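**Q** Here's a structure for you.
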Amino acid sequence: MADEATIEATATAPATASEESSADVQSADAPVAAVESAASPEESGAEESGPRSWQEIWQAPTLLLAIFLVVAGLVTARVSAPGPDFDGALDDIEALLNVREYQSALDQLNDVILPHLSEPEVTTAHRRRFHLLRGDAVHRLQGAKGISVPENHRLVLEEYDAAQRLLAQLDPVRRAVYAETLVALGRFDEALAWIRQLPVEEADRKRALIRSIVEKNLRLPEPPYELTLSLLSELAMDDSLNPHERIWVVAKQAELRIGAGYVEEGLGHLLRSMQRLENTDSEEAGELYLLLAQCYFELGRFADAQRQIARAIQLLPSSDALVGRAHQLSGQIHQINGHLQDARDKYTIVVSDFPGTRASLPAWLGLAEVEAAQGTVDASLESYSQAVDLVTRESDRVDVTRDSVTASLLNQRQERFIREDYKNALRYAQLAIRAHTDGPPPPSVILAMAQTHRAIGDQALENARDGERGPLDLSKVDPVTRAEARAHYAEAGDQFLRHARAVLLLDDELVAESLWNAADSFDLAGDYGKAIEAFSEYASGRLEDPRQPQALYRLARAHMARQDYSVALQFLEDLIAQNPSSGEGTASYVPLAQCYLLDDDPSNDSQAEAHLATVISGRLLSPEALEFRDALIELGLLYLDQDRLEEAIESLQEAIERYPDDTRIDQLRFSLAEANRRSAAEIEVTLQEAMPERERRRFTQLRNERLQEAVDLFDLVRRSLDRKDPRKLTSAQRVYLRNALFYRADGAFDLGDYDTAIKHYDAVAQRYPDDPASLVAMIQIVNAYVEKGAIPEAKTAQERARQRLMTLPDSAFANDELPMDRRYWERWLDSKDLIREMEEGTS
């Protein structure tokens with residue numbers, strides 16, 4: 001047996017017996033009214049009486065089941081016995097139809113009768129009757145289940161057509177069914193031809209079918225105006241119409257004219273027609289007043305519209321769905337007039353008291369818009385969610401469509417976007433996406449998603465700047481913010497790319513813009529693979545585009561980020577060769593130098609210095625240019641890395657003086673301090689050599705100046721980084737801070753200011769108790785006390801340092817960033833010996 005959702009009844013007639021047909025009755029969610037018909041008296045020999053109630057036929061369900069089983073058994077027996085009785089079997093099946101056992105009748109036709117249709121005892125009359133009964137069974141079964149599936153309607157027509165090809169004559173009931181089925185399939189011209197043939201006694205059915213065509217037309221996005229108006233005019237001239245039917249005709253004429261934009265004509269026709277009607281104070285007339293209100297609304301006569309709405313609500317039954325429509329229209333007028341709370345109240349009545357009606361969807365949409373205007377974003381989004389759910393289910397709507405709901409959502413998204421409320425803007429855009437889950441969303445929705453994700457990413461990084469200007473170094477952003485921004489950039493990239501594909505055949509400029517934004521977003525997200533793909537597509541597909549060189553430059557930088565230095569330098573060398581003195585050519589010098597230094601080929605390192613020197617020579621750029629700044633800084637760091645300390649000091653000092661607001665200022669100060677510290681150490685070595693006293697004094701003074709400069713710069717780095725939120729410091733900044741504290745103490749030690757050195761070393765040890773650097777500080781405290789001759793304090797410090805050493809594994813000293821080299825160990829060992837010697841000398 002089939003369940004309530006699906007009807008299964010397949011049959012294939014032998015080709016030699018009749019026209020082949022199928023009788024699979026399929027299911028659907030949307031019920032439609034079905035025109036029931038009994039079996040034809042012409043075929044059955046019984047008088048047509050129409051379906052009767054269960055009480056008229058059976059006394060109890062158990063009796064019904066028993067008789068059904070008897071009938072089913074009789075059908076099988078009649079066709080299986082010698083000299084099969086097909087007439088009797090078909091009579092029994094017809095009996096099943098008359099007691100509304102449609103599925104059982106269909107099963108008997110398919111499973112019992114069909115296999116015997118090719119037998120010689122089966123006549124043409126039997127086959128005619130077989131197809132007629134099977135058409136009846138499919139039609140009635142679908143009607144009984146409250147479903148309307150095109151495939152089922154086609155099966156009904158196929159069965160009746162097969163019977164007619166065998167010269168069957170459809171009786172009036174079946175002709176009405178045939179016409180009704182054509183209407184259900186939207187084949188209105190054919191349906192009307194059948195309707196016109198119906199006899200006078202089928203006038204009521206004829207009017208019902210024409211009404212059905214009119215109602216279906218009015219639900220179309222663009223109703224066939226002339227045809228529908230002609231059918232309504234035909235109905236209007238029917239003298240047999242009762243007053244209620246005449247009101248229906250007038251209402252549909254007005255609805256048709258209003259929907260076609262002929263509002264003035266519709267209003268005039270309504271006013272004239274209502275004067276001719278006798279029952280304009282009836283409940284049915286309430287719809288006419290509501291249509292008057294609709295006309296006044298369309299014409300901007302809102303006060304007149306509200307007056308007719310009140311009249312309509314007064315006439316209509318309080319539970320009538322049209323009352324919901326009246327409140328919804330009233331809410332719309334209040335919304336247009338800016339009476340937001342009144343509008344909200346009206347819409348709330350509709351969604352609360354008239355759920356599931358045609359007014360519910362526009363009311364949810366209006367409520368969502370009003371709540372958004374009132375600033376209640378969460379409530380607005382919930383109402384929009386209801387509207388989206390309804391519009392995806394009510395796909396036949398012409399007054400409120402997916403497109404109109406989407407447009408409203410995009411308007412709200414734009415309002416939030418303008419206010420820089422990007423996260424709520426995204427929620428509206430996401431709902432617009434949800435309105436199109438059964439197909440691709442419109443390009444405008446995809447673009448809105450892309451732009452909003454991009455804006456959220458930008459906003460997150462902008463908030464992380466802490467007042468810094470210039471390009472933001474993502475490595476300096478706290479990990480949580482960085483991860484959030486990159487997630488939004490990645491989604492923006494995907495959506496921009498999706499948009500580029502969606503408008504590929506529509507607008508080349510839009511494609512280019514979205515492809516560029518996709519590549520840029522992927523780059524910011526750190527997804528360099530996708531960035532390379534998108535920039536490559538842009539560069540290769542738009543050779544004449546002004547941004548093509550920039551695309552190649554961004555490609556090079558993306559390859560650098562992936563450490564593909566050999567690939568990157570090829571792009572950069574080409575850019576410089578094509579345009580060596582401007583644009584992306586000049587921008588390529590510094591990254592090209594970096595590639596030379598970072599690749600696996602040491603032979604080209606000298607080219608790095610040459611390119612940097614070219615930039616700062618002044619021949620290409622002024623010092624205000626960003627490329628000049630980067631080249632000067634990179635050159636200073638290169639000199640420091642190569643221990644060319646005098647040149648490093650000169651370049652880094654110039655960079656700090658020129659660009660005190662550079663975001664890298666702490667790194668520059670630390671690097672200049674380090675260059676001075678190392679220079680002082682080199683001078684210390686030089687002072688061990690024999691030289692004239694005057695020269696010695698000069699070197700000593702220079703050493704002390706370099707040491708003091710280093711101490712001052714390290715302290716400046718310490719104060720700058722201490723002012724920042726420690727949670728937002730990068731790993732490099734943390735190393736700068738720790739080593740600046742340590743080297744500041746070292747500078748005081750080397751200058752002979754041992755009390756200051758001890759204070760600074762102790763601060764390092766206290767601040768970094770779990771860091772191996774604390775041992776270095778403890779060792780230097782020992783050495784400082786020794787230099788002061790403070791033996792008891794030196795011994796105490798010595799023991800503390802030794803105990804700290806015992807807690808550290810050898811691997812703790814393998815870190816290159818640790819401010820401790822061999823000379824500290826050697827000095828500690830010397831101090832240990834000196835302490836012992838001093839103790840012996842005093843004993």
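The values are calculated or read from the model by the stated rules, or taken from the named source; none is laboratory data. In this text the structure is predicted, and so the values were computed from the model without any measurement. Don't worry about glycine lacking a Cβ; one is built from the backbone with ideal geometry, like all the others, and counts go over all protein chains shown. Areas reflect the complete protein model, heavy atoms only, side chains present, ligands, DNA and RNA absent. Shrake-Rupley method; radii C 1.70, N 1.55, O 1.52, S 1.80 Å.
**Q** Calculate, for the chain, the solvent-accessible area per residue in square angstrom, rolling a 1.4 angstrom probe over the heavy atoms of the protein chains.
**A** Heavy-atom accessible area per residue stands at 48 Å².
**Q** A follow-up question, please. Please list the equivalent ellipsoid semi-axes of the stretch 507-605, computed as the square roots of five times the alpha-carbon gyration tensor eigenvalues, in descending order and whole angstrom.
**A** So the three semi-axes of the stretch 507-605 are 24, 16, 9 Å.
**Q** Something else about it: By per-residue mean of other Cβ atoms within 10 Å, what is the highest-first order of 490-500, 112-122, 748-758?
**A** Numbers: 490-500: 23.5, 112-122: 16.1, 748-758: 19.0.
Order by mean packing, descending: 490-500, 748-758, 112-122.
**Q** Rounded to the nearest 10 degrees, what's the angle between the helix 61-80 long axis and the longest principal axis of the chain, both from Cα atoms, 0 to 90?
**A** Helix 61-80 sits roughly 80 degrees off the main axis of the chain.
**Q** Using a 7 Å offset from Cα along Cα-Cβ at residue 225, what residues in the stretch 239-255 end up with backbone N under 17 Å from the label point?
**A** Counting backbone N atoms under 17 Å from the label point, the list is 252-255.
**Q** Please report the spacing between the Cα centers of the stretch 662-701 and the stretch 349-400 in Å, no decimals.
**A** Comparing the Cα centres of the stretch 662-701 and the stretch 349-400, I get a distance of 76 Å.
**Q** So the label point goes 7 Å from the Cα of residue 242 along Cα→C-beta, right? Which residues of the stretch 192-211 then have their backbone N under 17 Å from it?
**A** Label zone hits: 202-209, 211.
**Q** While we're on this one: Using per-residue counts of other Cβ atoms within 10 Å, averaged over each peptide, order 555-561, 637-643, 602-608, 778-784 from highest down. Before the final figure, lay out each step's value.
**A** Details: 555-561: 22.1, 637-643: 16.6, 602-608: 13.4, 778-784: 26.6.
Output ranking for 555-561, 637-643, 602-608, 778-784: 778-784, 555-561, 637-643, 602-608.
**Q** Could you tell me the distance between the Cα centroids of the stretch 261-302 and the stretch 563-585, to the nearest Å?
**A** Measuring centre to centre over Cα atoms gives 74 Å.
**Q** Could you give the angle, 0 to 90 degrees to the nearest 10, between helix 443-463's Cα long axis and the longest principal axis of the Cα atoms of the chain?
**A** That works out to roughly 30 degrees.
**Q** State to the nearest 20 debye the size of the charge dipole of the chain about its Cα centre, where the only charges are +1 on K and R beta carbons and -1 on D and E beta carbons. Please report the intermediate quantities before stating the final value.
**A** Working: 91 positive and 144 negative charges, 374 e Å.
It comes to approximately 1800 debye.
**Q** Using the eigenvalues of the Cα gyration tensor, what equivalent ellipsoid semi-axes result for the stretch 723-768 when each is taken as the square root of five times the eigenvalue, whole Å, largest first?
**A** 24, 10, 7
**Q** Counting other Cβ atoms within 10 Å, keep those with at most 10, restrict to DSSP loop, and tell me which GluC sites (Glu not before Pro) in the stretch 598-693 are left.
**A** For GluC sites (Glu not before Pro) across the stretch 598-693 that sit outside H, G, I, E and B with at most 10 neighbouring Cβ atoms in 10 Å, the list reads 624, 689.
**Q** Kindly express, to the nearest 10 degrees and within the range 0 to 90, the angle between helix 360-373's C-alpha long axis and the longest C-alpha principal axis of the chain.
**A** 30 degrees
**Q** Considering every Cα-Cα pair within the chain, what fraction, in whole percent, is farther apart than 55 Å?
**A** Numbers: 166614 of 354903 pairs.
For the chain, the fraction of Cα-Cα distances above 55 Å is 47 percent.
**Q** Round to the nearest 0.05 the FRET efficiency obtained for residue 190 and residue 310 when R0 = 56 Å and r is the Cβ-Cβ distance.
**A** The calculated FRET efficiency here is 0.80.
**Q** Would you mind telling me the share, in percent, of accessible area of the stretch 106-238 contributed by carbon and sulfur at probe 1.4 angstrom? Display every interim value, and only then the final one.
**A** Details: 2660 of 5240 Å².
Ligands and nucleic acids excluded, carbon and sulfur reach 51 percent.
**Q** Two-decimal Rg/Rh of the stretch 595-650 from alpha-carbon positions, Kirkwood Rh? Before the final figure, lay out the partial values.
**A** Details: Rg = 11.5 Å, Rh = 11.7 Å.
Across the stretch 595-650, the Cα-based Rg/Rh ratio is 0.98.
**Q** Give the Debye-formula value of log10 I(q)/I(0) at each listed q (0.11, 0.15 Å⁻¹), with one equal scatterer per alpha carbon of the stretch 602-751, two decimals each.
**A** -0.49, -0.85
**Q** First compute the accessible area of the stretch 594-673 with a 1.4 Å probe, then give the percent of it belonging to carbon and sulfur atoms.
**A** Carbon with sulfur: 45 percent of the solvent-accessible area.
**Q** For the stretch 728-803 and the stretch 176-196, what is the separation of their Cα centres, given in Å?
**A** 99 Å
**Q** At residue 392 and residue 766, where each label point lies 7 Å from the Cα along Cα→Cβ, what is the point-to-point distance in nanometres?
**A** If labels sit at residue 392 and residue 766, their model points lie 6.3 nm apart.
**Q** Net charge near residue 239, counting Lys/Arg +1 and Asp/Glu -1 over other residues with Cβ under 15 Å of its Cβ?
**A** Net of charged neighbours comes to -1.
**Q** Averaged across orientations, what area in nm² does the convex hull of the alpha carbons in the stretch 703-782 project?
**A** Working: hull surface 20.7 nm².
Hull-based average projected area comes out at 5.2 nm².
**Q** Rounded to the nearest 500, what is the chain's calculated 222 nm mean residue ellipticity when only DSSP H runs of at least 4 contribute -39500 (n - 2.57) each, over all residues?
**A** Numbers: 39 runs with 585 residues, N = 843.
Calculated mean residue ellipticity at 222 nm is -22500 deg cm²/dmol.
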